[in-house]
Amino acid sequence: MPPAKKRTRSYDSTKIRTAVLAQFAAVRTAVAGLTPEQLAAPTRLGDWTVRELAAHLTMVLGSVARYLDAPEPDKHEVPLQDWPFRTSSASAQVDEDVHGIVDAGTDLGALFAHAADRLAETLPGAADTRLVPSLPQALDCARAGETPTGGMTLADFMVTRTVELIVHTDDLNDALPGLDVPYDRQALAACTRLLADALAAKAPGGSVEVRIPPYAVVQCVEGPRHTRGTPPNVVETDPLTWIRLATGRTTWAAAREAAQVSASGERADLGGLLPIMS
């Protein structure tokens, strides 16, 4: 008997929009109180300081308005669970854009305000089904007068914003211990679920059950499927550890050594499948 086809996870678009705005507001408030010394502090993101990281966080939200201003892509090509695998292709352009903003000396408060204001202008009237460019390269096509390809629905794109905001909020908290920017529960849940579903897409199967309470449970990896009771291969971790694993902020070995991940069964080593995105 062929394996049952897994249903695509659905998200409540109203809750996702609210979560994105809430997480952005939390970051904006935290950044507004940073000193010049804190803004100059290093991060775990290469040569980015906290200032570059903060500038990028304004781009995460600002991209929604920019993409809604662009011509609509000609077709839907990027399913939500595929988005994490495509982000690495845009990393060089993102880095260039971030450094360009910082080198221009633009005030961070003004950047945050502009991003929030533009979103308030463009998002409320936009339909969830409206197609938007999925990555900056597609937006460049639109700027050149071409019809962008690689489109995804606005509803899906907003889910990707929870990943960007939660991951980089964690980067900010890591760079400045004690800052403790809060994680919106709905945004954290969506981020966790999308990255878990991406793992299941990367390694389809049913021999390993990955549990990330209280937000996600997925099955992955080819091999014998269990039908009842406790599966023979189980991985369990908390949401932030999972997000760090999935994005390369920590390694499987380090998380196991720190007892942040429990894994039982001969197929329960996910080290070769991580990170999901970087």
When only residues in the stretch 173-187 that are in contact with a Ser or Thr (Cβ under 8 Å, 6 or more places away or on another chain) and part of a helix (DSSP H, G or I) count, which is nearest to Asp82 (Cα to Cα)?
-> Ala187
What is the one condition in (1) modelled with pLDDT of 95 or more; (2) open to solvent by less than 10 Å² (accessible area, probe 1.4 Å); (3) not assigned by the TED database to the domain that holds Asp82 that Pro214 does not satisfy?
-> (2)
Can you pull out the residues in the stretch 259-276 that are open to solvent by less than 70 Å² (accessible area, probe 1.4 Å), within 23 Å of Val163 (Cβ to Cβ) and touching a Ser or Thr at 6+ places or on another chain (Cβ under 9 Å)?
-> Val261, Gly271, Leu274, Pro275, Ile276
Report yes if Val78 is hydrophobic (A, V, I, L, M, F, W, C), under 28 Å from Asp128 (Cβ atoms) and in the same structural domain as Phe112 (by the TED database), otherwise no.
-> yes
Test each condition in (1) assigned to a loop (DSSP other than H, G, I, E, B); (2) among the basic types (Lys, Arg); (3) modelled with pLDDT of 95 or more for Arg225 and report the one that comes out false.
-> (3)
If only one of Leu45, Leu68, Leu34 is under 16 Å from Arg130 (Cβ atoms) and crowded, with 17+ Cβ neighbours inside 10 Å, which one is it?
-> Leu68
Could you please let me know if Val235 is of a type in the set (Val, Ile, Thr), open to solvent by 80 Å² or more (accessible area, probe 1.4 Å) and assigned to a strand (DSSP E or B)?
-> no
Run Gly151 past the list (1) surrounded by fewer than 17 Cβ atoms within 10 Å (Cβ to Cβ); (2) among the small types (Gly, Ala, Ser); (3) in the same structural domain as Leu68 (by the TED database); (4) touching a strand residue (DSSP E or B) at 6+ places or on another chain (Cβ under 7 Å) and report the number of the one that doesn't hold.
-> (1)
Answer with yes or no whether Ala255 is assigned to a loop (DSSP other than H, G, I, E, B) and under 25 Å from the mean Cα position of the chain (by Cα).
-> no
Look through the stretch 191-210, keep the residues that are of a type outside the set (Gly, Ala, Ser) and surrounded by fewer than 18 Cβ atoms within 10 Å (Cβ to Cβ), and return whichever of them is nearest to Arg267 (Cα to Cα).
-> Pro204
Of all residues in the stretch 75-96, which are among the acidic types (Asp, Glu), assigned to a helix (DSSP H, G or I) and in contact (Cβ under 8 Å) with a residue 60 or more places away in the chain?
-> Asp82
Test: residue in the stretch 87-96 that is more than 20 Å from Gly150 (Cα to Cα) and either open to solvent by less than 60 Å² (accessible area, probe 1.4 Å) or of a type in the set (Asp, Glu) (or both) = yes
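The values are calculated or read from the model by the stated rules, or taken from the named source; none is laboratory data. Keep in mind the model is a prediction, meaning the values are calculated, not measured. Methodologically, a virtual Cβ is constructed for each residue, glycine included, from the backbone with ideal geometry; neighbour enumeration extends over all protein chains shown. For the accessible areas, the whole protein counts, side chains as well, though only heavy atoms, and no ligand, DNA or RNA atoms are used. Shrake-Rupley method; radii C 1.70, N 1.55, O 1.52, S 1.80 Å.
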